[in-house]
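Asker: Below are the structure tokens for one structure; questions will follow.
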């Protein structure tokens, strides 16, 4: 079902994002791209603009720090 696919996708994104935060610099293009894609997932699939903006802003702030 759609819900199980969304849950699986969110879990996979979260696992990848946790690994990226642990292993890559905040300015690494793959880490930034993953943050962008994950935030788009929250916005378009989960319908959570607040969560999407928070994730994107956190990635941006980490990269410019």
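Each reported figure results from applying straightforward, stated rules to the coordinates on display, with no laboratory input. Here the structure is a predicted model, which means the values were calculated and not measured. Note that we place each Cβ from the backbone using ideal geometry, even for glycine, and neighbour counts take in every protein chain shown.
Asker: What is the residue count in region 31-60 for residues that are loosely packed, with under 14 Cβ neighbours inside 10 Å, without any contact (Cβ under 8 Å) to a residue 24 or more places away in the chain and more than 11 Å from the chain's Cα centre (by Cα)?
Answerer: 4
Asker: Now, a different point. Name the residues in region 1-21 that are closer than 24 Å to residue 63 by Cα and either more than 14 Å from the chain's Cα centre (by Cα) or surrounded by 14 or more Cβ atoms within 10 Å (Cβ to Cβ) (or both), would you? It would help to see each step written out before you state the result.
Answerer: Filtering region 1-21 for residues closer than 24 Å to residue 63 by Cα gives 10-21.
If the condition is that a residue be closer than 24 Å to residue 63 by Cα and either more than 14 Å from the chain's Cα centre (by Cα) or surrounded by 14 or more Cβ atoms within 10 Å (Cβ to Cβ) (or both), then 10, 13, 16, 17, 20, 21 are the ones that fit.
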